[in-house]
Amino acid sequence: MGYTIAQKIIKEHLVTGEMIVGTDIGLKIDQTLTQDATGTMAYIEYEAMGIPRVKTEKSVAYIDHNTLQTGFENADDHRFIQSVCKKHGIYFSRPGNGICHQVHLERFGKPGKTLIGSDSHTPTGGGIGMLAIGAGGLDVAVAMGGGAYYITMPKMVRVNLTGKLNPWVSAKDIILAVLRVMSVKGGVGKIVEYGGEGVKTLTVPERATITNMGAELGATTSIFPSDETTREFLKAQGREEDYTELSADADAVYDEVIEINLSELEPLAACPHSPDNVKPIKELEGQKIDQVCIGSCTNSSYLDLMRVAHILKGKKVADNVSLAIAPGSKQVFNMLALNGALGDMIAAGARILESACGPCIGMGQSPNSKGISLRTFNRNFEGRSGTADGQIYLVSPETAAVSALSGVFTDPRCLGEAADIEMPEKFLINDNMVIEPASVEDMDSVEVLRGPNIKSYPETSPLTDTIEASCSLKVGDNITTDHIMPAGAKILPLRSNIPKISEHCFTVCDKEFPSRAKTLGKSIIVGGENYGQGSSREHAALAPLFLGVKAVLVKSFARIHKSNLINAGILPLTFTNSADYDKIKLGDMLELPNVKEEIAGGKQVTVVNKTTGESIVADCELSDRTREIILAGGLLDYTKENS
Ligand code: MIC
Ligand code: SF4
């Protein structure tokens, strides 16, 4: 039996376990990336492990999220990360150099290698044939120290692409079509692999748009083959030597196959408030809009922005629309500046932003009240834009640009013939904003610079024999990490201060939650399906840990969040019978008698509702390793105990 692309990479990097679906496997990690909003904590954790120099082939720290410096906090974090990088052997990509995933694809990603990143959109690297996975900061810290990264061996899904996109239909429309089929939880426990004749028609940045938004499927990762197109891209980036060919064996076996005929696709939009709420633009056409934002790690490549500039050239943004554009990297920005495309955007009335995440993470450009905002981003969760009642639609750069001109939802196919925009034969290469680490000889003399907002990791304790705690919060299905630990310009500067950021935990759903949880001392959260979807932010586990949350009992979990809970020593429980969800109310006193013994001995835990007198059963799906982590009180304690 042959192998899929992902299985080939896994096989080469397997350090523990076997490639049996559903079992725990440990992977050797070649590269890591962090960004600043998760990075400070990841490097605090790395320091706590006491390993002088990273053991990966390449580790890069990017500053791209917290670039709005309205106080000392973010700049202090940047300085801390820069000094840690210098000392411990990590490359540092300065603010202004671009969004981590875009820059990593351009300058560092290599086909066939493994990459983990403390950001859920790390699978962008799958566009270049890497096995690139989003993880919690602590997992990235462990991998930097040479430790394996553990996942559950996923199922394999093949998306078979046939045909060719019609003019003005774009890579974004492909991934929106996949989301329409698979939904935001359809990818959990799976790797999505793209294949078929249609692959050849897509450039590397287009493939990266698709693998990037594979995160919205809940998938472990997504991956494309590495082929002649990949070689051309790497050559144009001056790194042809990084190329290796990679494809699935003809007799590779997939658990699921999805057929997408590119020729049949049309421009699509993900409507509020979920990336899988997909409709054709045709159905929305004519509706007035207020804002357009173009950028983010999904759609801000050179090719994307050249198409946008082509559409805007010689035209004017509609009076009712604010158009903001953030090029994905310094390379893209600089090339647009030199070839005149930036001038076309500015002349049309675009507001040009720095190369960073910006509005995608609510760092500015929040729309007006009830504002309709078309964004080329990847997430449209309620409130994420910074405007609670903002109506966010995820669209392609082509749809975004043409709609910015007309002031209403517009199908870009009205533009007629395709624009003649080719991939450059050579990108502009200038890595002067990537700072190299100190040499082994010099590293000891580097001082790590800490600011007053940088606090240590919250206190943990080993699992107790029994847990007695009330239900401090009850929520429904599809709770995102943006609900649990909101981001935005006001809260993001607190990412390195868990006590402070905890005051915002779950406030989107319930303003009283932080004070209630604190007063209770110990508590349990109850939720529905796909709990914790979205980002990799471990703060969505660390803030509850700080507030005394001992267990989260839900119908099902999203992958990264479940592992962040385990890393933080919080029990991840699922209802054995999902109807039991109705048997617990806010404020009920719950008891998990003998929980330690039950966890150590098996996978089921008894939950007694002392308020109603009823008793239910919950599952605690753990591998041998994660069971040990939970018993130890989290991954940091486990790593210390085992090193
Ligand atoms: C996001 O897109 O939600 C983020 C902000 O990039 C997060 C990381 C974070 O919360 O810092 C992610 O995707 O993991
Ligand atoms: Fe940044 Fe948005 Fe990409 Fe997250 S999704 S890394 S916030 S651009």
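Using a 1.4 angstrom probe, figure out how much accessible area the chain has per residue, in square angstrom, rounded to the nearest whole. Mind dumping the intermediate values first?
Details: 22350 Å² over 643 residues.
Averaged over the residues of the chain, the accessible area is 35 Å².
Computed on alpha carbon atoms, what radius of gyration and Dmax characterise region 345-405, expressed in Å?
Values for region 345-405 (Cα only, Rg and Dmax): 11.5, 33 Å.
Which log10 I(q)/I(0) values, to two decimals, does region 122-164 give at q = 0.15, 0.18, 0.23, 0.26 Å⁻¹ under the Debye formula with one point per Cα?
-0.53, -0.70, -0.97, -1.10
Gln604's amide H: which non-local residues (gap 5+, or another chain) put their own amide H closer than 5 Å, with H modeled 1.01 Å from N in plane and none for Pro or chain starts?
Distant-sequence amide H within range of Gln604: Cys620.
Using only the Cα atoms of region 170-256, each taken as one equal point scatterer with no solvent, compute I(q) by the Debye sum, divide by I(0), and report log10 of the ratio at q = 0.22 Å⁻¹.
-1.12
Tell me the accessible surface of Ile372 in square angstrom (1.4 angstrom probe, heavy atoms of protein chains only), to the nearest ten.
Roll a 1.4 Å probe over it and Ile372 shows about 30 Å².
What percentages make up the Cα-Cα pair-distance distribution of region 546-643 when the bins are 5 Å wide from 0?
Percent of Cα pairs in each bin: 3, 13, 24, 24, 19, 11, 4, 2, 0.
Which links in Lys8/Lys235; Lys185/Lys522; Lys155/Lys185; Lys55/Lys190 stretch past 21 Å when you go from one Cα to the other? Can you show the working numbers first?
Details: Lys8/Lys235 24 Å; Lys185/Lys522 30 Å; Lys155/Lys185 14 Å; Lys55/Lys190 28 Å.
Result: Lys8/Lys235; Lys185/Lys522; Lys55/Lys190 exceed 21 Å.
Of all DSSP beta bridges located in the chain, what percent are antiparallel, nearest 5? Don't skip to the answer; put the middle values down first.
Details: 28 of 85 bridges.
So the antiparallel bridges in the chain amount to around 35 percent.
When the expected Rg is taken as 2.2 N^0.38 Å, what fraction or multiple of it is the alpha-carbon Rg of region 1-69?
Numbers: Rg = 16.2 Å, N = 69, 2.2 N^0.38 = 11.0 Å.
The value comes to 1.47.
Please list the non-local residues whose amide H lies under 5 Å from the amide H of Gln35, H modeled 1.01 Å from N, same-chain partners needing a gap of 5 or more.
Correct list: Tyr62, Ser118.
Leaving ligands, DNA and RNA out of it, report the carbon-plus-sulfur percent of the accessible area of the chain at a 1.4 Å probe. Present the calculation step by step, with values, prior to reporting the outcome.
Working: 10900 of 22350 Å².
The C+S portion of the solvent-accessible surface of the chain is 49 percent.
Spelling out what I want: for every residue of region 547-560, take phi, set θ = phi - 60°, compute 6.51 cos²θ - 1.76 cosθ + 1.60 (Karplus), and round to whole Hz; glycine and proline get x.
Listing the rounded values in order: 7, x, 6, 9, 8, 10, 10, 9, 7, 7, 10, 7, 4, 5 Hz.
If you project the alpha carbons of region 376-463 onto their three principal axes, what span does each projection cover, largest first, in Å?
61, 45, 28
Plugging the Kirkwood radius over Cα pairs into Stokes-Einstein for the chain, at a temperature of 20 °C and a viscosity of 1.002 mPa s, what D comes out in µm²/s? Could you put the intermediate results ahead of the total?
Values: Rh = 24.7 Å.
In µm²/s, the coefficient rounds to 87.
Full extension from Glu232 to Lys426: what is 0.36 nm times the residue separation minus their Cα-Cα distance, to one decimal in nm?
Details: separation 194, 0.36 × 194 = 69.84 nm, distance 0.94 nm.
Contour length minus Cα-Cα distance gives 68.9 nm.
If you scale each eigenvalue of the Cα gyration tensor by 5 and take the root, what three semi-axes come out for region 400-510, rounded to whole angstrom and sorted largest first? Display every interim value, and only then the final one.
Working: eigenvalues 364, 220, 40 Å².
Over the Cα atoms of region 400-510, the semi-axes work out to 43, 33, 14 Å.
Express in % the proportion of alpha carbon pairs of region 67-121 at distances exceeding 12 Å.
Numbers: 1089 of 1485 pairs.
When all Cα pairs of region 67-121 are counted, 73 percent exceed 12 Å.
For region 473-478, just list the computed ³J(HN,Hα) in residue order, Karplus coefficients 6.51, -1.76 and 1.60, θ = phi - 60°, integers in Hz, with x standing in for Gly and Pro.
Result, ordered by residue: 6, 10, 10, x, 7, 6 Hz.
Can you return the aspartates and glutamates within cross-link range of Lys316? Criterion is Cα-Cα under 13 Å, with same-chain partners fewer than 8 residues away left out.
List returned: Asp344.
Can you compute the FRET efficiency between His310 and Ala388 using 1/(1 + (r/R0)^6), with r the Cβ-Cβ distance and R0 = 41 Å? Round to the nearest 0.05.
Between His310 and Ala388 the formula returns 0.70.
What ranking of His483, His561 comes out by heavy-atom accessible area, probe 1.4 Å, highest first? If you can, show how the numbers build up before the last one.
Working: His483 35, His561 0 Å².
Descending accessible area places them as His483, His561.
Need one number: the % of Cα-Cα pairs in region 481-594 sitting beyond the 21 Å mark.
Values: 2072 of 6441 pairs.
The share of Cα pairs beyond 21 Å in region 481-594 comes to 32 percent.
If every alpha-carbon in region 1-150 counts as one equal scatterer, what log10 I(q)/I(0) does Debye give at q = 0.15, 0.19 1/Å?
The computed values of log10 I(q)/I(0) come out as -0.72, -1.09.
Check the straight Cα-Cα distances from Lys164 and name the lysines below 24 Å, setting aside those fewer than 8 residues away within the same chain.
Filter leaves Lys172, Lys200, Lys279, Lys282.
Give the ranking of Phe72, Phe108, Phe224 by solvent-accessible surface, highest area first, calculated with a 1.4 Å probe.
Values: Phe72 105, Phe108 25, Phe224 0 Å².
In descending accessible area the options line up as Phe72, Phe108, Phe224.
In whole angstrom, note down how far apart the Cα centers of region 97-166 and region 571-640 are.
31
Probe 1.4 Å, all protein chains in place: accessible area of Arg239 in Å², nearest 10?
10
Would you kindly derive the ³J(HN,Hα) couplings of region 629-643 from the backbone phi angles with the Karplus curve 6.51 cos²θ - 1.76 cosθ + 1.60 (θ = phi - 60°), listing them in order in whole Hz, with x for Gly and Pro?
4, 4, 5, 6, x, x, 5, 4, 5, 4, 5, 5, 4, 9, 10
Run the 1.4 Å probe and let me know the accessible area of Thr466, rounded to the nearest 10 Å².
The value for Thr466 is about 50 Å².
Angle between the Cα long axis of helix 72-88 and the longest principal axis of the chain, 0 to 90 degrees, nearest 10?
90
Cβ neighbours within 10 Å, averaged per peptide: list 581-593, 392-404 in order, most packed at the top. Numbers along the way, then the final one.
Values: 581-593: 16.3, 392-404: 29.1.
Listed from highest to lowest mean packing, they are 392-404, 581-593.
What's the FRET efficiency of Ser445 with Lys640 using the Cβ-Cβ distance as r and R₀ = 25 Å, to the nearest 0.05?
Numbers: r = 27 Å, r/R0 = 1.08.
Given R0 = 25 Å and the Cβ-Cβ separation, E is 0.40.
Could you give the length gained on full extension between Leu338 and Lys164, defined as 0.36 nm per residue of separation minus the Cα-Cα distance, in nm? Mind showing how you got there, number by number?
Working: separation 174, 0.36 × 174 = 62.64 nm, distance 3.13 nm.
Gain in length upon complete extension: 59.5 nm.
Given H placed 1.01 Å from N in the peptide plane, which residues other than close sequence neighbours of Leu571 have an amide H under 5 Å from its amide H?
Ala551, Val552
As a check on your grasp of the helix formula, calculate [θ] at 222 nm for the chain: sum -39500 (n - 2.57) over DSSP H runs of n ≥ 4, divide by the residue count, round to the nearest 500.
Details: 21 runs with 185 residues, N = 643.
About -8000 deg cm²/dmol.
So for the pair Ala419, Glu266, with labels modelled 7 Å out along Cα→Cβ, what separation do we get in nm?
Once both label points are built, they end up 2.3 nm from each other.
What is the packing order of peptides 156-162, 439-445, 356-362, taking the mean over residues of other C-beta atoms within 10 Å and listing the highest first? List each step's numbers first, then the result.
On the way: 156-162: 21.6, 439-445: 9.9, 356-362: 26.7.
Going from most to least packed, we get 356-362, 156-162, 439-445.
Compute the Rg/Rh shape ratio of region 90-239: radius of gyration over Kirkwood radius, all on alpha-carbon atoms.
Numbers: Rg = 15.1 Å, Rh = 15.7 Å.
Ratio of gyration radius to Kirkwood radius: 0.96.
Largest first, how would Ser456, Ser222, Ser247 line up by accessible area (1.4 Å probe)?
Working: Ser456 85, Ser222 0, Ser247 45 Å².
Heavy-atom accessible area, descending, gives Ser456, Ser247, Ser222.
The values are calculated or read from the model by the stated rules, or taken from the named source; none is laboratory data. From a predicted model like this one, the values you see are computed outputs, not experimental measurements. Here Cβ is always computed from backbone atoms with ideal geometry, including for glycine, and neighbour counts include all displayed protein chains. With ligands, DNA and RNA removed, areas are computed over all heavy atoms of the protein, side chains included. Shrake-Rupley method; radii C 1.70, N 1.55, O 1.52, S 1.80 Å.
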